[in-house]
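Since the structure comes first, as structure tokens, the remarks are kept for the end.
The values are calculated or read from the model by the stated rules, or taken from the named source; none is laboratory data. It should be emphasised that the depicted structure is a prediction, and the values quoted were computed from it without experimental measurement. Counting neighbours? That spans all protein chains shown, and the Cβs are built from the backbone with ideal geometry, glycine included. For the accessible areas, the whole protein counts, side chains as well, though only heavy atoms, and no ligand, DNA or RNA atoms are used. Shrake-Rupley method; radii C 1.70, N 1.55, O 1.52, S 1.80 Å.
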Amino acid sequence: MDAHYGKVMQARDQIKDNGSRMYFAYSGVLDREAFEIWLEEHSYQFFTLPEGQVAEAKGVDLIFDFPSRWWGGRVAGLVKKEGSSVFGRLFEIPAKEWPIVQHKEGVVTGMSVETTLRVSVNGQEFEATAFVTSPNRRSLEGPVSERYLEALVRGAQASGLPAEYVASLPAKAR
């Protein structure tokens, strides 16, 4: 359990909405093994990330713009870029569980902010929330984390993202 657990649980307890939120995950969250370890370390064993569906967000690309001490280098965010797209998984998250997703994605610590994207799943469009690096935390200085890149590729493969997209990830990091 970390210092943010109480804050997250308090936010969770205040949510009366029985609905859900659509969450587009494109980064380290897709590495299920790493995600399960994070849940255990933060005492969220009761939370389960649903299966989700492969989704594509068009008009954006990966940018490695967040220097992470934990990963030992820069990790991925999103940047608007016409003609590009990012694949990930679209998850439907119960509204009450949203603070846990926010914690994982770094909102609680000011590392990231929410953004709304249009994503497609099997030709059907959805509006979803994704997380991008906070403007005041962006930096392109320093190396990309190799350990993070390995987790990104492993998660993309395990999530069934298109093989050509998975193969492009190391080049996107350079």
Six or more apart or on different chains, Cβ atoms under 6 Å: show the pairs whose first residue is in the range 1-19 and within 10 Å of E97 (Cα to Cα) and whose second is surrounded by 13 or more Cβ atoms within 10 Å (Cβ to Cβ) and modelled with pLDDT of 90 or more. V8/P99; V8/H103; A11/P99; R12/K96; R12/P99; I15/A95; I15/K96
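Would you confirm, using the coordinates I've provided, whether R74 is over 14 Å from the mean Cα position of the chain (by Cα), within 24 Å of T109 (Cα to Cα) and without any contact (Cβ under 8 Å) to a residue 60 or more places away in the chain? Let's see the steps before the verdict.
Values: over 14 Å from the mean Cα position of the chain (by Cα): yes; within 24 Å of T109 (Cα to Cα): yes; without any contact (Cβ under 8 Å) to a residue 60 or more places away in the chain: no.
Here the answer is no, as R74 does not meet what is asked.
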Do you know which residues across the range 158-174 are in a helix (DSSP H, G or I) and either touching a residue at least 12 places away in the same chain (Cβ under 8 Å) or within 15 Å of the chain's Cα centre (by Cα) (or both)? A158, Y165, V166, L169, P170, K172
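Conditions (1) farther than 17 Å from T109 by Cα; (2) in contact with a strand residue (DSSP E or B) (Cβ under 8 Å, 6 or more places away or on another chain), marked per residue:
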| residue | (1), (2) |
| --- | --- |
| E41 | no, no |
| D61 | yes, yes |
| F66 | no, yes |
| K81 | yes, yes |
| S84 | yes, yes |
| G88 | yes, yes |
Please determine, by comparing only the residues of the range 51-69 that are in a loop (DSSP other than H, G, I, E, B) and modelled with pLDDT under 95, which one is least open to solvent (accessible area, probe 1.4 Å). E51
The range 126-166, residues that are in contact with a helix residue (DSSP H, G or I) (Cβ under 9 Å, 6 or more places away or on another chain), among the aliphatic types (A, V, I, L, M) and surrounded by fewer than 18 Cβ atoms within 10 Å (Cβ to Cβ): A158, A163
Return the residues of the range 77-114 that are modelled with pLDDT of 95 or more, of a type in the set (V, I, T) and open to solvent by less than 40 Å² (accessible area, probe 1.4 Å); say none if nothing qualifies. V86, I93, I100, V101
Is there any pair linking a residue in the range 87-102 that is under 15 Å from T116 (Cα atoms) to one that is of a type in the set (K, R) and at pLDDT below 95, with Cβ under 9 Å and at least six apart or on different chains, and which? W98/R12
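Could we say that S43 is surrounded by fewer than 20 Cβ atoms within 10 Å (Cβ to Cβ), touching a Lys or Arg at 6+ places or on another chain (Cβ under 6 Å) and without any contact (Cβ under 8 Å) to a residue 60 or more places away in the chain here? Please lay out each step first, then the result.
Numbers: surrounded by fewer than 20 Cβ atoms within 10 Å (Cβ to Cβ): yes; touching a Lys or Arg at 6+ places or on another chain (Cβ under 6 Å): no; without any contact (Cβ under 8 Å) to a residue 60 or more places away in the chain: yes.
No; evaluated as a whole, the condition is false for this residue.
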Go through (1) outside any strand (DSSP E or B); (2) buried (at least 16 other Cβ atoms within 10 Å of the Cβ); (3) of a type in the set (A, V, I, L, M, F, W, C) and name the single condition I37 misses. (2)
Selection from the range 14-29 of residues open to solvent by 10 Å² or more (accessible area, probe 1.4 Å), in a helix (DSSP H, G or I) and not small (G, A, S) yields Q14
